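Below is one structure, written out as structure tokens; the observations come after it.
The values are calculated or read from the model by the stated rules, or taken from the named source; none is laboratory data. Just so we're clear, the structure is a prediction, and the values are computed from it rather than from any experiment. Note that we place each Cβ from the backbone using ideal geometry, even for glycine, and neighbour counts take in every protein chain shown.
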């Protein structure tokens, strides 16, 4: 019985740490403005990124060459987004106010994916420029 309690408490502490980690990643990308290139590629005309845009943006991120330093953050935010989506489906009929907060968090995840795409597009352009200058 004690082992089960330890396991449950450990899982709860891990979940709390994971949520804090993901929210800190999202907070760091919140103040970064998206470039016109990303808005053009993604079709985001207004300044608002939708909560349901995450998977589409993540697919575009995976098409770009990896920078090497953002893969773990993208994976963590992807897992967090999946957890939020499940909680949103469960809480929508029961707790609408919680559902509003979950939707806002999902928007933050989508915005993070757009920022990651912007960084990878810039990295790709820099690689291309470097290859062109090396050939000359």
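A few comments on the model shown:
- If you go through the stretch 64-78 and keep only what is surrounded by fewer than 12 Cβ atoms within 10 Å (Cβ to Cβ) and touching a residue at least 40 places away in the same chain (Cβ under 8 Å), you end up with just 65.
- For the stretch 27-63, a residue qualifies if it is touching a residue at least 12 places away in the same chain (Cβ under 8 Å), surrounded by fewer than 16 Cβ atoms within 10 Å (Cβ to Cβ), under 10 Å from residue 118 (Cβ atoms) and within 16 Å of the chain's Cα centre (by Cα), and exactly one does: 32.
- Of the residues examined, residue 135 is not one that is surrounded by 15 or more Cβ atoms within 10 Å (Cβ to Cβ), out of contact with any helix residue (DSSP H, G or I) (no Cβ under 6 Å at 6 or more places or on another chain) and over 21 Å from residue 15 (Cα atoms).
- Condition check for residue 118: at pLDDT below 90, surrounded by 15 or more Cβ atoms within 10 Å (Cβ to Cβ) and under 17 Å from residue 25 (Cα atoms): no
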